[in-house]
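Input: a single structure, listed below in structure tokens.
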Amino acid sequence: MGYFKDIFNGGLSLIEGMGVTARRLFRPLVTVQYPRKKIPLSSAYRGHIELKIFGESGTHKCIVCLNCEKTCPSGVIRVQGEKLKEKGPKTLTSYVIDFSRCSLCGLCVEICPTSTLKYSREYELVGETWADCKIDLLARLARQVEEMEAEKKTQGIAA
Amino acid sequence: MDELEKIEGNERVYSLNLGPQHPSTHGVLRILLDLDGEYIVKADPVIGYGHRGHEKMGENRQYKQFLPNTSRMDYLSGMLYNHGFVLAVEKLAGIKVPERAKYIRVIASELNRISSHLLWFGTYLLDLGGITPFLYAFDDREQILDILDAISGSRLTYSYCRFGGVSRDVDMKFIEMTRAFLKRMEARWVDYEDLVTKNVIFIHRTRDVGVISLELARQYGVTGPNLRACGVAFDVRRSEPYEVYDRFDFEIPTGSKGDALDRYVVRFREMQQSCRIIDQALEHLPEGEIMTPKVPQKLSPPKGEVYTAFESARGLTAYYLVSDGSPGPYRCHIRVPSFGNLNVLNDVLPGTLVADAIAILGSVDLVIPEIDR
Amino acid sequence: MSEGLLGSELFRLILGLVIVLAFSQLNALFLVWLERKVSGHIQLRPGPMEVGPHGLLQTIIDGVKLVGKELIMPLKADRKLFFLAPVLVFTPVLVGFLVLPFGPGLIIHDMNVGVLLVFAFSTITVLAILTGGWASNNKYALLGAVRSVAQNVAYEIPLLLAVMSVVLMVHSLSFSQIVASQKTVWFVFIQPLACLIYLIAATAETNRAPFDIPEAESELVAGFHTEYGGMGFGLFFLAEYTNMFIVCAVATSLFFGGWNGPFGISLGIPGVFWFLIKTYFLIFVIMWVRWTFPRVRFDQLMNFSWKVLIPLSLVNLVITAIVVKII
């Protein structure tokens with residue numbers, strides 16, 4: 001009798017399983033067709049770092065203390081500065097990161113004494129060579145400033 | 001010895017390289033199998049393909065610089081490894097952690113444990129040939145990743161814990177998301193039970209397959225769900241409670257036979273217990289600070305050594321750090337559970353079929369980069 | 001046939017073959033697409049969406065890709081057998097179409113041993129799989145081939161025993177007669193056990209999950225076709241789906257009334273559509289099964305066949321024989 005009971009129970013368990021998959025056939029899909037639709041990024045999203053633009057000065061506040069360069073575990077950051085003014089900190093001349101080696105730990109952002117580093121919200125990054133993975137943050141900053149000004153202008157015209 | 005000669009002199013026996021490129025050796029594991037027909041005569045796991053020298057890296061760095069490395073050893077339970085590492089360093093440097101941060105860490109860790117077990121659940125069924133549960137599990141895991149993404153900003157290698165707290169506070173949205181997830185899972189457990197646990201094919205594939213006896217488990221240092229499946233209720237969260245685990249009411253699921261089905265059931269019920277822990281932690285989440293003030297940027301703990309064990313998704317994991325007073329550890333060693341869990345296969349695999357070998361390999365839940373590290 | 005003229009018969013065969021070739025290709029393309037869609041929706045994802053409306057043309061593009069690929073043969077493989085196997089696996093599958101009753105009169109060659117012919121030729125597939133696995137000079141492929149033979153030897157028996165109970169009832173091996181005798185009551189209601197056994201055995205026969213042990217991608221990488229790429233693989237793939245159509249079409253003819261509507265109600269739908277609807281529904285069920293269950297182990301599969309399916313089908317056959325004799 002156990003023989004038939006086993007067959008019956010086994011068959012029943014299979015039918016239950018098919019019920020689960022059949023119910024799914026009529027559920028809404030969960031995938032998002034990526035390049036066409038995008039999911040909003042979380043507010044905490046950590047992209048590669050970038051220089052923050054401060055409202056009052058319209059630029060960054062980097063003082064070339066090299067704390068970020070020293071604290072980076074993977075040697076991603078290369079900062080260069082020049083002594084332009086007699087007194088005060090150096091002026092930033094180049095800030096390049098090698099994103100291919102970055103582990104996105106965020107130590108640089110946390111250690112920055114002037115909090116001029118922040119995480120960008122960039123995630124569609126693709127490169128064909130090592131050089132493509134190098135990101136010049138100063139150039140990026142200049143581009144962002146330009147965009148902001150252009151936006152302000154169009155807003156001004158609209159107003 | 002007799003046995004070995006019989007194997008080597010036998011012309012029927014041929015060897016098969018399972019991996020390092022094989023659909024079912026997750027990570028880069030290679031197992032040299034000696035087969036007689038489809039029966040395994042001898043199994044010899046070869047490890048080391050993913051060696052990156054994490055322990056050595058730890059010795060050449062400051063403590064905080066090693067933090068991102070920890071989540072890259074066992075990339076499926078990054079949060080747990082982060083958590084264990086900060087526990088070790090905090091013990092070494094004598095840093096007190098605010099209550100709220102402790103609770104947040106526990107919630108994040110348990111979420112990570114569920115996500116790790118869910119991924120195991122999916123891939124195990126994939127190993128057994130069932131593809132659909134894999135995608136269902138990933139759907140659920142996605143919810144956890146979203147939650148952890150919302151608090152840590154990352155989906156896999158979190159680097160969320162800090163010495164003396166956590167990097168970001170949680171908000172109401174996080175609590176809502178987590179509660180919604182717990183609610184969602186209640187219905188999902190039923191579905192998984194119907195789809196997999198009760199399934200007669202699944203039961204036949206796993207019952208009495210790959211029995212790890214208690215004696216064998218003890219010899220090889222098998223821990224985690226694999227040990228609990230043998231009937232030993234050993235869990236670091238209970239035996240040496242770290243953080244605030246002693247305040248929660250949860251069971252330690254155990255099996256009886258130590259076969260693949262027991263290991264499956266133990267992990268399955270562990271996910272449910274983790275949900276219970278999260279539920280209680282959310283209930284009692286205190287207000288307050290999330291970081292201890294005055295943790296120096298360049299942490300130089302006093303001379304000494306520390307051994308901190310914690311329960312990762314795969315078993316007893318431990319950091320052993322020796323400090324010579326400098327900003328980096330003098331010696332850094334990590335005890336990983338997968339090493340013992342893998343090597344037990346030497347004794348378990350012989351005598352089984354190739355199909356069983358896959359079922360056993362999946363059931364012990366290995367993360368190879370953790371072994372190679 | 002009716003005219004008995006060689007010319008018209010030959011013409012019919014050639015025309016039939018052309019139609020069958022075209023149909024089998026289109027059918028395979030459609031089934032691959034359907035499989036992806038069914039698996040997709042079961043798994044809460046949309047499946048192919050990019051090429052054509054709802055990805056309808058995706059398989060054509062994939063086919064073009066496969067054709068365009070270089071034929072790679074492993075070193076030390078048996079050259080002749082290696083390239084013979086994909087051809088060998090596909091050709092016999094086509095023969096099955098010769099005797100399938102798509103509708104009243106819509107049958108290329110109505111043989112009085114049609115049922116036998118289909119199963120005789122479908123067995124050649126096993127030979128092709130063995131050839132391919134053996135010639136590949138790959139251990140995984142060989143394991144897959146060996147498993148395939150063991151599996152098919154076990155499953156031919158319950159399959160044929162299940163079919164025999166129907167044949168006993170009709171006293172004929174001709175498909176058109178079998179279908180014609182189900183005008184009012186389908187045999188699935190008289191022979192539910194035989195039908196179930198047939199469907200299980202047919203799933204195993206076509207190497208579909210949960211009985212896909214010769215392929216077993218998580219165990220044997222890709223089983224017997226591990227070393228095949230390009231159109232060699234394409235032919236194996238095509239044969240699998242065409243085979244699936246044939247076993248389902250046979251099931252429709254034997255148990256689900258072929259071109260007849262349920263209980264003699266045709267609803268004005270032509271017979272050929274009834275036939276196709278039922279066949280594709282059965283195919284859908286087989287896909288549904290595939291995307292639900294894990295794979296069985298091959299010794300369990302043998303156990304199941306020898307200890308459950310064969311005794312049950314034998315008992316079923318004996319009971320059928322007795323009942324037929326009494327009536």
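Cα-based values for segment B:93-249, radius of gyration first and Dmax second, are 18.1, 53 Å. Summarising the label geometry, the points placed 7 Å from Cα in the beta-carbon direction at C:D110 and B:K183 lie 6.4 nm from one another. Dividing the C-alpha radius of gyration of segment C:69-326 by 2.2 N^0.38 Å, with N its residue count, gives 1.03. Our coupling estimate for segment B:53-59, obtained by passing each phi through the Karplus curve with A = 6.51, B = -1.76, C = 1.60 and θ = phi - 60°, is x, 4, 5, 5, 4, x, 6 Hz, Gly and Pro reported as x. Taking each residue as 0.36 nm, the span from A:E122 to A:K152 lengthens on full extension beyond its C-alpha to C-alpha distance by 8.6 nm. A dipole drawn for the protein assembly as shown from +1 and -1 charges on Cβ atoms has a positive end, and of B:Y264, B:I290, A:L51 the residue lying farthest that way is A:L51. Taking Cβ atoms as reference points and 13 Å as the exclusive limit, the residues near B:L156 contribute a net charge of 0, counting Lys and Arg as +1 and Asp and Glu as -1. A simple count of charges around A:P28, restricted to other residues whose Cβ falls under 13 Å of its Cβ and scoring Lys, Arg +1 and Asp, Glu -1, yields +3.
I need the GluC sites (Glu not before Pro) found in segment A:1-101, filtered to DSSP loop residues with at most 13 other beta carbons within 10 Å of theirs. Here the GluC sites (Glu not before Pro) that fit, given the DSSP loop and packing criteria, are A:E56, A:E86.
The spacing between segment C:223-279 and segment B:108-140, judged by their C-alpha centroids, is 34 Å. Considering only DSSP states other than H, G, I, E and B, which trypsin sites (Lys or Arg not before Pro) in segment B:249-306 qualify as loop sites with at most 14 other Cβ atoms within 10 Å? The qualifying sites are B:K294, B:K298, B:K303. A Förster radius of 45 Å combined with the Cβ-Cβ distance from C:V64 to B:Q297 puts the calculated FRET efficiency at roughly 0.15. Basic side chains Lys and Arg get +1 at the Cβ, acidic Asp and Glu get -1 at the Cβ, and with that the dipole of the protein assembly as shown about its Cα centre reaches some 1780 debye.
Could you point to the residue in C:H54, C:Q191, C:I129 farthest towards the positive end of chain C's charge dipole, with +1 and -1 charges on the Cβ of Lys/Arg and Asp/Glu respectively? Positive-end residue among those listed: C:Q191.
Placing +1 at every Lys and Arg Cβ and -1 at every Asp and Glu Cβ, with all other atoms neutral, what dipole size does segment B:66-171 have around its Cα centre, in debye to the nearest 20?
That gives segment B:66-171 a dipole magnitude of about 520 debye.
When every Cα-Cα distance of chain B is counted in 20 angstrom steps from zero, the calculated P(r) takes the values 29, 56, 14, 1 percent.
Between segment A:31-99 and segment B:267-290, the C-alpha centres lie 36 angstrom from each other.
Just so you know, the Cα atoms of segment A:1-109 work out to an Rg and Dmax of 28.9, 98 Å. Each Cα pair under 8 Å and six or more residues apart adds its sequence gap; the mean of these over the residue count of segment A:49-158 is a relative contact order of 31 percent. The smallest convex shape that holds all Cα atoms of segment C:59-212, its convex hull, gives 142 Å³ per residue. Once you've got the Cα coordinates, tell me which of B:K198/C:K37; C:K65/C:K139; A:K37/A:K153; C:K183/C:K307; C:K69/C:K139 are over 32 Å apart. Correct reply: C:K183/C:K307.
Just the ratio, please: alpha-carbon radius of gyration of the protein assembly as shown over 2.2 N^0.38 Å, N its number of residues.
Dividing the Cα Rg of the protein assembly as shown by 2.2 N^0.38 Å gives 1.12.
With q set to 0.13, 0.16, 0.18 Å⁻¹, the log10 of I(q)/I(0) for segment B:227-373, from the Debye formula over equal scatterers at the Cα positions, is -0.79, -1.04, -1.17.
Think of the protein assembly as shown as a dipole: +1 on every Lys or Arg Cβ, -1 on every Asp or Glu Cβ, centred on the Cα centre; then among A:C105, B:G48, A:I15, A:C105 lies furthest on the positive end. With viscosity 0.890 mPa s and temperature 25 °C, the Kirkwood radius over alpha carbon pairs of segment C:203-248 converts through Stokes-Einstein to a diffusion coefficient of 225 µm²/s. Reducing segment C:147-201 and segment B:209-253 to their Cα centroids gives an inter-centroid distance of 52 Å. Each Lys or Arg adds one and each Asp or Glu takes one away; over the other residues whose Cβ falls under 15 Å from the Cβ of C:S253, this sums to +1. Of the two radii for segment A:49-158, the radius of gyration is 1.00 times the Kirkwood radius, both from the alpha carbons; that is the Rg over Rh value.
Shielding by partners for peptide B:352-358, expressed as the average number of C-beta atoms from other protein chains within 10 Å of each residue's C-beta, is 5. Between 0 and 90 degrees, the angle of helix B:172-192 with respect to the longest Cα principal axis of chain B falls at about 20 degrees.
For C:D110, no residue whose modelled amide H falls within less than 5 Å of its own remains once neighbours fewer than 5 places apart on the same chain are excluded. Once the mean 1/r over all distinct Cα pairs of segment B:244-289 is inverted, what Kirkwood radius in angstroms do you read off? It is 12.0 Å.
With the simple spin-label model, which puts each label point 7 Å out from Cα in the Cβ direction, the B:L214 to B:Y49 separation comes to 3.7 nm. Dipole magnitude for chain C: about 340 debye, using +1 per Lys or Arg Cβ and -1 per Asp or Glu Cβ, origin at the Cα centre. Per residue, chain A reaches -11500 deg cm²/dmol at 222 nm when only DSSP H runs of four or more residues are counted, each adding -39500 (n - 2.57). Step through the residues of segment C:24-38 one at a time and calculate ³J(HN,Hα) from phi using the Karplus curve (6.51 cos²θ - 1.76 cosθ + 1.60, θ = phi - 60°), rounding each to whole Hz and writing x for Gly and Pro. Those phi angles translate into 5, 5, 4, 4, 5, 4, 5, 5, 4, 4, 4, 4, 5, 5, 4 Hz. Shape index of segment B:188-255: Rg/Rh, with Rg the Cα radius of gyration and Rh the Kirkwood radius from the inverse mean 1/r over Cα pairs, equals 1.07. Residue by residue, segment C:42-49 carries 3J(HN,Hα) couplings of 5, 9, 6, 9, x, x, x, 10 Hz when phi is fed to the Karplus relation 6.51 cos²θ - 1.76 cosθ + 1.60 (θ = phi - 60°); x denotes Gly or Pro.
For segment C:24-96, which trypsin sites (Lys or Arg not before Pro) are both in a DSSP coil and crowded by at most 16 other Cβ atoms within 10 Å? For trypsin sites (Lys or Arg not before Pro) across segment C:24-96 that sit outside H, G, I, E and B with at most 16 neighbouring Cβ atoms in 10 Å, the list reads C:K69, C:K76.
Bear in mind these aren't lab numbers, they're just calculated from the coordinates by the rules spelled out. Note that the structure is a prediction, hence the values are computed from the model and not measured. Here Cβ is always computed from backbone atoms with ideal geometry, including for glycine, and neighbour counts include all displayed protein chains.
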